[in-house]
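Novice: This is the structure I want to talk about, given as structure tokens.
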Amino acid sequence: MPSNDRERRDREAELASNLSAVNDRMQRKLLTYGNPPDVDRIPESVWTEFRQEVQEAVARTAIVAYLYALATMPEATGVAIDSARFEVEAELWSKNQASKVADEYVAHTRQRLAEIVPEVRAVQAGPAADIRRHPSFDAMLGPTRAETVASTEVTNGFSHGETDYADSATQQLDEPFVMMGFWVTERDARVCPICAPLDMLPQPRYAVLFPKGPPAHPRCRCWLRWMKIRRDEIPF
């Protein structure tokens, strides 16, 4: 378990709560266009506003996770770097990542809604029809999805912040030393087939697939351990 586990949980809870609120508002908006909603009547402005709210929620938490990760690295690496030098990079990364997440979030919601509406109409008829009874509607705009994105993006923020700091720390170390990340799983029965082979792989090996480390997939519980080692001792 990483030493910053409590902070991770707090940031995940924060983002999950904010995204759940965004989802709730979107559910109410969609139902103003019928139940089930008439997809063709939903104006583009509704989707634009939805995307903006998702992006803002993710960006707020992502930058906090990134900067908190930076603050833990002097102790982890033994190298002190003024975190102010990373502020621009942190803001740029968080905005870009949040934009990417929001694009995918909205695209998935639109696609699933277009698929669900015909299914609801096929099995429910008349005024009793209610898209909220379709299990995929809650999966699409419910708390589980918010929690999944929150867990994934907080891990993303920590990994990016730690890796960027470690790369800068390496530049301040005397040759032949480097700061090396090692991928760590939770090593329990829930570890997935994707992450199990990554356990304790050094940065040059895991970075082939995941340049900044975890997450390897949604809700990935993995984390990075940092060590100062000699270049000629990197376990390739």
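Novice: Given Cα pairs under 8 Å that are at least 6 residues apart, what percent is the relative contact order of the range 118-219?
Specialist: Over the range 118-219, the number comes to 26 percent.
Novice: Oh, and also: For Cα pairs less than 8 Å apart in space and 6+ apart in sequence, what is the mean separation divided by the residue count of the range 5-173, i.e. the relative contact order in percent?
Specialist: RCO, the range 5-173: 40 percent.
Novice: Tell me the relative contact order for the range 167-236 as a rounded percent, counting alpha carbon contacts under 8 Å between residues six or more apart.
Specialist: 41
Novice: Also: Let me spell out the model: positive unit charges on the Cβ of Lys and Arg, negative unit charges on the Cβ of Asp and Glu, origin at the Cα centre of the range 105-236. What dipole size does that give, in debye rounded to 20?
Specialist: Taking the Cα centre of the range 105-236 as origin, the dipole is about 440 debye.
Novice: Trypsin sites (Lys or Arg not before Pro) within the range 71-158: which are DSSP loop residues with at most 12 other Cβ atoms inside 10 Å?
Specialist: Listed in order of number, the matching sites amount to none.
Novice: Please work out whether the range 1-84 counts as rounded, prolate or oblate from its C-alpha gyration tensor, where a ≥ b ≥ c are the square roots of the eigenvalues and a/c under 1.5 means rounded, while otherwise a/b larger than b/c means prolate and anything else oblate?
Specialist: Prolate, because a/c is 1.5 or more and a/b exceeds b/c.
Novice: Please work out whether the range 50-181 counts as rounded, prolate or oblate from its C-alpha gyration tensor, where a ≥ b ≥ c are the square roots of the eigenvalues and a/c under 1.5 means rounded, while otherwise a/b larger than b/c means prolate and anything else oblate?
Specialist: prolate
Novice: Can I ask one more? Nearest 500 deg cm²/dmol is fine: what mean residue ellipticity at 222 nm does the chain get from its DSSP H runs of n ≥ 4 alone, each adding -39,500 (n - 2.57), divided by its residue count?
Specialist: -20500 deg cm²/dmol
Novice: Now a separate question. Quick test of the membrane-span-like rule: which DSSP H helices of the chain reach at least 27 Å along their long axis (C-alpha atoms) with mean Kyte hydropathy at least -1.0?
Specialist: Within the chain the helices that satisfy the rule are 44-77, 87-123, 143-172.
Novice: Separate question: Cut-off is 10 Å between beta-carbons; in what order do 209, 15, 113 appear when sorted fewest neighbours first?
Specialist: 209, 113, 15
Novice: Given the C-alpha centroids of the range 88-132 and the range 191-236, what is the distance between them in whole angstrom?
Specialist: 32
Novice: Also, I was wondering about something else. Could you identify which residue out of 139, 98, 69 has the top mean-square fluctuation in a GNM of the chain using Cα springs shorter than 10 Å?
Specialist: Highest fluctuation of the listed residues: 139.
Novice: Farthest toward the dipole's positive end in the range 5-173, which of 149, 90, 67, given Cβ charges of +1 (Lys, Arg) and -1 (Asp, Glu) about the Cα centre?
Specialist: It is 149, whose Cα lies furthest towards the positive end.
Novice: Of all trypsin sites (Lys or Arg not before Pro) in the range 1-75, which ones are in loop regions per DSSP and have a Cβ with at most 16 other Cβ atoms within 10 Å?
Specialist: Answer by residue number: there is no such site.
Novice: Rounded to two decimal places and with Rh computed the Kirkwood way over Cα pairs, what is Rg over Rh for the chain?
Specialist: Ratio of gyration radius to Kirkwood radius for the chain: 1.08.
Any read-out appearing in this document is the output of simple, stated calculations on the displayed coordinates, not a laboratory observation. Just so it is clear, the structure is predicted and the values come from calculations on it, not from any experiment. Note that we place each Cβ from the backbone using ideal geometry, even for glycine, and neighbour counts take in every protein chain shown.
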